[in-house]
Structure formats: C-alpha cells, structure tokens
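Down below is the structure, laid out as structure tokens.
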Amino acid sequence: MTVIDQIKEATISGLSKKVKVLVQEALDAGFKVEDIIGQGFIPAMEIVGEGFKKGEIFIPEMLVAARAMQGGMKIIEPLFAPGERKYIGKFLIGSVHGDMHDIGKNLVGMLIQGSGFEVIDIGVDVTAAQFISAIREHQPQLVGMCALLTTTMREMEVNIKAIQEAGIRDQVKIIIGGAPITQSFADQIGADAYASDAGAAVEICKGLVAS
Ligand code: B12
C-alpha cells in the first residue's frame with residue numbers, strides 16, 4: 001500500500017494523528033500535494049459520504065473522518081502559494097440569523113471541502129446583510145444556508161429576497177438544508193437546491209457548478 005493509500009484509509013478511519021504523520025511522510029518522500037488531496041482525502045471523503053448516505057456510516061464516524069482530513073489539510077495548506085490551489089468551485093456557508101446550530105453545517109462544509117471545493121464558513125447567526133457582504137467579498141458560486149429551527153427557517157426567505165434586492169442573485173446558486181427544511185420549502189422560497197444530508201449536498205453542489 002502506498003503512503004497515499006494509507007492516508008486514504010487512515011482518513012476513513014478518522015485517525016487524526018496517523019493522518020498527520022502520513023501526510024508529512026508523503027511530503028518528505030516527494031509526493032505532490034495534489035496527489036495527497038486528489039488520491040487520498042477526496043476519495044476517502046467520497047467513501048465516507050457514500051456510506052453515510054446508505055446508512056452504513058453514522059454522524060460520529062463522519063465527523064472524526066472529516067476532522068482527520070482537516071488536520072491533514074492544515075499541514076498541506078501553507079504549501080500552496082495564494083491562488084495556486086485548483087478548486088472545483090467556491091462554497092460559502094452559514095447558519096441563518098437566530099440559529100446557533102452548527103454541527104450539520106460544519107459537516108456539510110467539511111464534506112464539500114473534502115470533495116474539492118474551497119469552503120468559506122461564515123459561522124452561525126448570520127444576518128442577510130452579512131451574507132450579502134460575504135458574497136461580495138468572496139465571490140462564491142454557491143451559497144449554503146443552514147437552519148435547524150422552524151422559527152429561523154423563514155430567515156432563508158428573507159436572505160434570498162435581500163440577495164435579490166442587492167442585485168447579486170444571478171451570481172450565486174443557493175442551496176439550503178437543515179432538519180426542518182424540505183424540497184417543497186426550497187421551491188417555495190426560490191432556493192436553487194435543497195439537500196437532506198451532507199453526502200447529498202456534495203453531489204448536488206458538484207452538479208450546480210457543472211451546470
Ligand atoms: C445539538 C442541538 C442543539 C445544540 C447545538 C450545538 C451546535 N453547536 O450545533 C444546542 C444545545 C446549542 C441547541 C440549542 C437549541 N436548540 Co437545539 N438541537 C440540537 C439537536 C439535539 C441536534 C442537532 C444536530 O446537530 N443534529 C446533527 C446534525 C448532523 O444534523 P443536521 O443539523 O440535521 O444536519 C444534517 C442535515 O440537516 C443537512 N444540513 C444541515 N445543514 C445544512 C446546510 C446545507 C446548505 C445543506 C445543503 C444541508 C444541511 O446535512 C447535515 C448532515 O447530514 C436537535 C434535535 C435533533 N435530533 O435534530 C435539537 C433541535 C434542533 N433544537 C431545538 C431547539 C428548540 C433548540 C433551542 C431553542 C432550545 C432552547 N430552548 O434553548 C436552542 C436554540 C439555539 C439557537 N438559537 O439556535 C429543536 C428545534 C425545534 C424546532 N422544530 O424548531 C430540536 C429539533 C430539538 C427538539 N426536538 O425540540 N440545540
């Protein structure tokens with residue numbers, strides 16, 4: 001098994017320390033950063049995301065795998081000169097105003113990052129004005145909004161209207177999610193997409209940037 005395969009296996013198993021050691025080993029042995037990500041982390045997170053979708057892997061395992069990947073990415077990221085990393089798209093995500101839940105949002109962000117997107121996480125309790133200024137600053141193709149409360153899910157509609165009024169609605173595709181969200185709610189408020197879980201979010205986001 002190559003060191004890259006070992007990185008993949010250790011990431012799937014969520015072995016954070018081992019992943020860091022292996023990433024350093026791979027770098028010392030002259031492996032390219034692109035191979036560590038493209039043949040190590042991305043396939044690992046694809047396997048984890050698939051397993052989660054099928055109900056074979058559960059949230060705690062997915063979280064430890066995603067954390068292991070993030071730990072490894074921390075070693076790699078400083079090696080990229082600004083603008084050098086090739087991402088498949090830029091994804092901005094936040095939990096809406098009034099909502100402090102972030103476990104699901106973080107999972108979605110980590111899995112999307114693992115699938116090759118640049119992810120900008122703007123945190124929780126994000127107001128419409130903050131979404132708008134973050135879109136202007138970071139110019140993402142995709143914006144993800146998370147709400148876990150029936151009382152805060154309405155904020156998504158507020159945000160979409162505000163983004164429209166700010167004249168930047170055409171620049172972004174908006175995907176929403178969180179436990180109370182449904183496809184029909186997404187349709188009703190004019191979101192571009194909805195995903196029920198992090199695995200589905202990855203597939204849908206890849207489709208959105210390709211379209
Ligand atoms: C953990 C938790 C908390 C923690 C949050 C910690 C944190 N850092 O997130 C704490 C204790 C802080 C908390 C507080 C509250 N909570 Co709470 N909380 C939960 C709980 C138990 C789990 C939520 C969770 O993390 N699930 C695991 C994640 C992985 O699942 P998920 O969030 O659904 O995410 C998945 C998908 O939805 C999707 N997804 C999520 N986000 C996004 C975004 C995008 C863009 C996409 C595409 C997909 C997507 O992908 C994710 C991964 O597959 C739920 C109950 C439950 N079982 O859902 C209640 C729950 C959501 N909370 C509830 C309530 C009422 C509250 C409080 C108001 C309680 C109070 N009285 O203080 C406060 C509100 C705080 C606030 N202003 O936000 C209610 C909501 C009821 C309702 N229908 O509105 C629930 C349902 C509990 C209940 N049965 O009453 N809570």
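Each value in this text was obtained by applying a stated rule to the coordinates, not by laboratory testing. Since the model is a prediction, treat every value here as computed from it, not as a measurement. Glycine also receives a Cβ, built like all others from the backbone with ideal geometry; neighbour counts cover every protein chain displayed.
Values as computed for the structure displayed
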read-out: Residue, surrounded by the fewest Cβ atoms within 10 Å (Cβ to Cβ), within region 1-30, restricted to residues that are assigned to a loop (DSSP other than H, G, I, E, B) and polar (S, T, N, Q); value: T2
read-out: Region 139-156 residues that are of a type in the set (V, I, T), paired with ones that are assigned to a helix (DSSP H, G or I) and more than 8 Å from the ligand (Cβ to nearest atom) (beta carbon under 9 Å, 6 or more apart); value: V143/F131; V143/A134; V143/I135; V143/N159; V143/I163
read-out: One residue from F91, F117 being in contact with a Leu (Cβ under 6 Å, 6 or more places away or on another chain), surrounded by 22 or more Cβ atoms within 10 Å (Cβ to Cβ), touching a residue at least 40 places away in the same chain (Cβ under 8 Å) and within 30 Å of A26 (Cα to Cα); value: F91
read-out: The one condition in (1) in a helix (DSSP H, G or I); (2) of a type outside the set (G, A, S); (3) within 21 Å of I4 (Cα to Cα) that Y87 fails to fulfil; value: (1)
read-out: Which listed residue, of G104, G109, G98, is on the phi > 0 side of the Ramachandran plot and within 12 Å of the ligand (Cβ to nearest atom); value: G98
read-out: Flag for V143 being in a strand (DSSP E or B) and at negative phi; value: yes
read-out: Cβ-Cβ under 9 Å pairs, at least 6 apart or on other chains, region 182-197 side on the phi > 0 side of the Ramachandran plot and assigned to a loop (DSSP other than H, G, I, E, B), far side away from the ligand (no atom under 11 Å from the Cβ) and of a type in the set (S, T, N, Q); value: G190/Q164
read-out: Flag for I59 being in contact with a helix residue (DSSP H, G or I) (Cβ under 8 Å, 6 or more places away or on another chain), surrounded by fewer than 16 Cβ atoms within 10 Å (Cβ to Cβ) and within 29 Å of M156 (Cβ to Cβ); value: yes
